[in-house]
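Remarks on the structure that follows.
The values are calculated or read from the model by the stated rules, or taken from the named source; none is laboratory data. What you are looking at is a predicted structure, and each value in this text was computed from that prediction instead of being measured. Don't worry about glycine lacking a Cβ; one is built from the backbone with ideal geometry, like all the others, and counts go over all protein chains shown. For accessibility, only protein heavy atoms count, side chains too; no ligands or nucleic acids. Shrake-Rupley method; radii C 1.70, N 1.55, O 1.52, S 1.80 Å.
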Amino acid sequence: MIEWQWSGFADLTALALYEMLALRQQVFVLEQTCLYPDIDGLDPGAHHLLGWKTIDGKRELAATLRCLAPGAKYDEMSLGRVVTSPSTRGTGLGRELVAQGIACAQRLHPGHAIRIGAQAHLEAFYASFGFRTISEPYDEDGILHIDMLRPAARG
């Protein structure tokens with residue numbers, strides 16, 4: 001079972017922040033061998049979704065993403081830094097993370113579309129959540145990406 005935590009940056013504990021940055025480094029920098037500035041100055045203004053699991057009595061971060069307000073990076077709000085721990089892959093946690101992230105983002109910024117810069121090989125995954133491709137593939141840190149947009153939810 002996953003315990004979901006939706007927090008503004010200032011509300012993250014030092015341990016939660018450490019775990020979040022460590023997971024992002026493990027996957028984006030080390031596993032994907034991308035030397036890029038993960039700490040990009042946008043985290044302090046973002047809301048963060050963290051998914052915690054407890055294994056043998058130890059609480060571990062299993063998944064995380066961040067939500068940026070409209071205008072912070074794009075005209076639309078955006079989800080990014082979407083990551084699951086290697087040990088949870090293939091369990092459906094990525095799908096649960098994105099669904100939770102969309103729901104939290106819509107509550108935080110109702111009436112706004114959501115934009116993502118997705119790794120191109122995940123296009124069908126994000127399309128299953130209503131995102132549509134709005135750009136040609138482009139290289140970002142050695143990995144092909146595409147921009148995708150999910151229209152604002154109708155209230």
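Suppose the filter is of a type in the set (Ser, Thr, Tyr), open to solvent by less than 50 Å² (accessible area, probe 1.4 Å), modelled with pLDDT of 95 or more and touching a His at 6+ places or on another chain (Cβ under 9 Å); does residue 85 pass it? Criteria not met by residue 85. Has the range 110-131 got at least one residue that is basic (Lys, Arg) and surrounded by fewer than 18 Cβ atoms within 10 Å (Cβ to Cβ)? No: zero hits.
Counting residues that are under 15 Å from residue 4 (Cβ atoms), which strands (runs of 3 or more DSSP E) fully inside the range 77-148 reach at least 3? Steps first, please.
Working: elements: 77-84, 114-119, 138-140.
By residue number, 77-84.
The residues of the range 21-74 that are among the aliphatic types (A, V, I, L, M), over 24 Å from residue 144 (Cα atoms) and modelled with pLDDT of 95 or more, listed by number, are 46, 49, 50, 61, 62, 69. Within the range 141-149, one or more residues are within 18 Å of residue 38 (Cβ to Cβ), touching a residue at least 60 places away in the same chain (Cβ under 8 Å) and either open to solvent by 50 Å² or more (accessible area, probe 1.4 Å) or under 15 Å from the mean Cα position of the chain (by Cα) (or both).
Please go through the range 44-76 and give me each residue that is assigned to a strand (DSSP E or B) and not hydrophobic (A, V, I, L, M, F, W, C), ordered by number. Outline the logic, then answer.
Step one: filter the range 44-76 for residues assigned to a strand (DSSP E or B), giving 47-55, 58-68.
Hits for the range 44-76 are 47, 48, 51, 53, 54, 58, 59, 60, 64, 66.
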